[in-house]
């Protein structure tokens, strides 16, 4: 369940939405929508072909969904049966364990170390014992770090031949690297992507998965037949077509992230750099007070202290320069 995040004048730095908005081309497409776009069922071919061209794969290896959550649900429905084992590092994106447990699967959570380093050796050991599904979120949420290619391969190579491998690359634009090509090496690998982050289309609910043709065929049997609406299809195409806007968003996000880390450090607050569009900021025992104090100032951030490794941390989305200035001003009042 998403935290409450509404109200006039509220600055939302809690959900990792893009503070740069979406491409002007997206707004133009939506503004010029025709009556047929609303009254007719959507067609996905043009969007799928655009994604295929963008990512260098054939269209029959792609499936689109109503956001990544829809695709995670589809994965569980397609590949899991009650009693199956699903393995992932912890903490992770919550929809993976939620959807797995809905299918009555046995979820094995391999804990990160207190240094927030990925538990590579333990993960390899656990998947060797047998798993129906192994999940890696890379870059990770909420920890923000990335796993190198060799490490990803070592986990997948330790899995059984019938293990479904899932690589969630929701934040890959900010890391500057994707391992989508590993779908050629591992036929059971399914790579998830979203338009919610760098493209700024969180409200449109659009995601896609890339895998072998066989896996996509199986997922097509499970996913709802018309799950992505016409406006999201048009928005996705327009977003892909405006590559300069995407590049600017990524570039300015990374620049602002460095500035924000420096500003926080200047008055004694440690911010952990990430390969994403958010920071992990350590407040220690004062985290609850800071979280509430920021809320009182109209600035929403995410409390991630429910995970023991992140006790005392807040997750803060990197925003525009004026967003950072407002955040810093609020923190100076509280801290």
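The values are calculated or read from the model by the stated rules, or taken from the named source; none is laboratory data. Small disclaimer: the values here were computed from a predicted structure and weren't measured. Reconstructed Cβ throughout: ideal geometry from the backbone, glycine too, with neighbour counts over all protein chains shown.
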Scope the range 307-334; condition at pLDDT below 95 and either surrounded by fewer than 15 Cβ atoms within 10 Å (Cβ to Cβ) or within 14 Å of residue 12 (Cα to Cα) (or both); matching residues:
308, 332, 333
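Take residue 86 and decide whether it is free of Cβ contacts under 8 Å to residues at least 60 places away in the same chain, outside the structural domain of residue 313 (by TED's automatic domain parsing) and under 26 Å from residue 272 (Cβ atoms).
On the way: free of Cβ contacts under 8 Å to residues at least 60 places away in the same chain: yes; outside the structural domain of residue 313 (by TED's automatic domain parsing): yes; under 26 Å from residue 272 (Cβ atoms): no.
Here the answer is no, as residue 86 does not meet what is asked.
Could you say which residue among 67, 56 is within 30 Å of residue 308 (Cα to Cα) and at pLDDT 95 or above? If you could, list the steps in order and put the result at the bottom.
Details: 56 fails: within 30 Å of residue 308 (Cα to Cα).
One residue alone meets the criteria, 67.
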Kindly indicate the residue of the range 1-47 that is within 20 Å of the chain's Cα centre (by Cα) and modelled with pLDDT under 95 and also surrounded by the most Cβ atoms within 10 Å (Cβ to Cβ) among those meeting that condition.
5
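Can you tell me which residue is nearest to residue 117 (Cα to Cα) among those in the range 291-312 that are in a loop (DSSP other than H, G, I, E, B) and without any contact (Cβ under 8 Å) to a residue 40 or more places away in the chain?
First pass over the range 291-312, keeping only residues in a loop (DSSP other than H, G, I, E, B): 297-298, 301, 304-307, 311-312.
Now narrow it down to the ones that are without any contact (Cβ under 8 Å) to a residue 40 or more places away in the chain: 297, 305-306, 311-312.
Working: 297: 33, 305: 17, 306: 18, 311: 15, 312: 17 Å.
Among those that are in a loop (DSSP other than H, G, I, E, B) and without any contact (Cβ under 8 Å) to a residue 40 or more places away in the chain, it is 311.
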Starting from the range 225-247, take each residue that is farther than 20 Å from residue 56 by Cα and in the same structural domain as residue 175 (by TED's automatic domain parsing) and list its partners that are part of a helix (DSSP H, G or I) and at pLDDT below 95, counting only C-beta distances under 6 angstrom and pairs at least six apart or across chains.
230/37
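For the range 85-94, give me each residue that is buried (at least 19 other Cβ atoms within 10 Å of the Cβ) and part of a loop (DSSP other than H, G, I, E, B). Reasoning before the result, please.
Of the residues in the range 85-94, the ones buried (at least 19 other Cβ atoms within 10 Å of the Cβ) are 85-89, 91-93.
Matches in the range 85-94: 91, 92, 93.
If we only count helices (runs of 4 or more DSSP H) wholly inside the range 141-202, which ones have 1 or more residues that are without any contact (Cβ under 8 Å) to a residue 24 or more places away in the chain and closer than 18 Å to residue 92 by Cβ?
On the way: elements: 149-158, 172-175, 182-185.
No helices (runs of 4 or more DSSP H) qualify here.
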Going residue by residue through the range 256-267, is there one that turns out to be surrounded by fewer than 13 Cβ atoms within 10 Å (Cβ to Cβ) and not in a helix (DSSP H, G or I)?
yes
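Yes/no per residue for (1) surrounded by fewer than 21 Cβ atoms within 10 Å (Cβ to Cβ); (2) outside any helix (DSSP H, G or I); (3) within 21 Å of the chain's Cα centre (by Cα):
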{"position": "68", "(1), (2), (3)": "no, no, yes"}
{"position": "83", "(1), (2), (3)": "yes, yes, no"}
{"position": "96", "(1), (2), (3)": "no, no, yes"}
{"position": "101", "(1), (2), (3)": "yes, no, yes"}
{"position": "121", "(1), (2), (3)": "yes, no, no"}
